[in-house]
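A.B. asks: Dropping a structure here in structure tokens format, bear with me for questions.
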């Protein structure tokens, strides 16, 4: 919706301003900035754009998707003696919420994540070097959720292996994604042996050190399908994912990449 408002603002007379309660993904703003759009960032957090007759945009490099990379990063963190290097991935700070949460839990993620608050035309691209590590529980607050929204299910998975409790609050938007991801995560991971319960706007996971395994229903949701696959890699008995074909919605090559990594 933010993108639609900003693009409409290019055609409107005067200024069009957007105010957000918390920062969210800024790919549209960066591309418009690179196309010579006129932005004004106010002290009150408002982002204003003015009328423009013509956009001038040169060559654009599209980084690897951080949300897709997050599943491999979670897998490398959870599986003992693992190490993985993800290259050409986007390091935009408005997409790095999961990486910072995982680091806070103890994950070893080495890379040049962009400094929070940066606003430039370029999308930062680089590599992340990840190794397995013991984890501790954490609390994810509402202001962290918008820049980690698609990876919140992975926080639950990390929490199942972590020491202590992991709590996510302010993630009610997950109930209206491709599926009700809060219930999908709670019922799915619970069925695999996790000690997890839903709240109105999130969940709480009490780490048990691992997962037994079993079957998880993707509910036709690509994120839950990939969550089940990663959970299977880290579980004792493996996981069967019902509706695994849903991964093709955002990551058609997921299964091939999974097989390649396992073969390596």
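Since every read-out is calculated from the coordinates, none of them should be taken as a lab result. These numbers come from a predicted model, not from an experiment. With ideal geometry, Cβ positions are generated from the backbone for all residues, glycine too; neighbour counts draw on all protein chains shown.
A.B. asks: As I understand it, the value is the acute angle between the Cα axis of helix 254-263 and the longest principal axis of the Cα atoms of the chain; what does it come to in degrees, rounded to 10?
C.D. replies: 50
A.B. asks: If you count, for each residue, the other Cβ atoms within 10 Å and average over each peptide, how do 56-63, 251-258, 156-163 line up from highest to lowest?
C.D. replies: With the highest mean Cβ count within 10 Å placed first, the list reads 156-163, 251-258, 56-63.
A.B. asks: Now for a different question. Helix 181-191: angle to the longest alpha-carbon principal axis of the chain, degrees 0 to 90, nearest 10?
C.D. replies: 10
A.B. asks: Restricting to DSSP H runs of at least four residues, report the calculated mean residue ellipticity at 222 nm for the chain, -39500 (n - 2.57) per run over all residues, nearest 500 deg cm²/dmol.
C.D. replies: -9000 deg cm²/dmol
A.B. asks: Taking 0.36 nm per residue of sequence separation and subtracting the Cα-Cα distance, how much length would be gained by fully extending the chain between residue 15 and residue 61, in nm to one decimal?
C.D. replies: Contour length minus Cα-Cα distance gives 13.7 nm.
A.B. asks: Using a 10 angstrom cutoff on alpha carbons, build the Gaussian network for the chain and name the most mobile of 33, 154, 192.
C.D. replies: Judging by the Gaussian network model, the answer is 33.
A.B. asks: Can you tell me the 0 to 90 degree angle between the C-alpha axis of helix 152-161 and the longest principal axis of the chain, rounded to 10?
C.D. replies: The angle comes out at about 30 degrees.
A.B. asks: A further question follows. If I compute Rg and Dmax of the Cα atoms in Å from the structure I just sent, which labelled value in (i) 19.0, 66; (ii) 19.3, 61; (iii) 22.4, 75 lines up?
C.D. replies: Label of the calculated value: (ii).
A.B. asks: Need one number for the stretch 74-195: average projected area of the convex hull over its C-alpha atoms, nm².
C.D. replies: Mean orientational projected area (the stretch 74-195, Cα hull): 7.8 nm².
A.B. asks: What whole number of Å gives the distance from the Cα centroid of the stretch 98-115 to the Cα centroid of the stretch 47-76?
C.D. replies: Centre-to-centre distance over Cα atoms comes out at 19 Å.
A.B. asks: Tell me, what is the percent relative contact order of the chain, built from C-alpha pairs under 8 Å that lie six or more residues apart?
C.D. replies: It rounds to 14 percent for the chain.
A.B. asks: A further question follows. Taking every eigenvalue of the Cα gyration tensor of the stretch 2-50, multiplying by 5 and rooting it, what semi-axes result, largest first, whole Å?
C.D. replies: Largest first, the stretch 2-50 gives 15, 13, 10 Å.
A.B. asks: How do the peptides 67-77, 205-215 rank, highest first, by the average count of neighbouring beta carbon atoms within 10 Å per residue?
C.D. replies: My ranking of the peptides, most packed first, is 67-77, 205-215.
A.B. asks: Considering only DSSP beta bridges where both residues belong to the chain, give the percentage that are antiparallel (nearest 5).
C.D. replies: Of those bridges, close to 75 percent are antiparallel.
A.B. asks: Between 45, 188, 220, find the one with the highest GNM mean-square fluctuation for the chain; connect C-alpha pairs within less than 10 Å.
C.D. replies: 45
A.B. asks: Quick one: order 200, 235 by neighbouring beta-carbon count within 10 Å, fewest to most.
C.D. replies: 200, 235
A.B. asks: A further question follows. Taking Cα centroids, how far is the stretch 1-21 from the stretch 179-247 in Å?
C.D. replies: Value for the Cα centre distance between the two parts: 38 Å.
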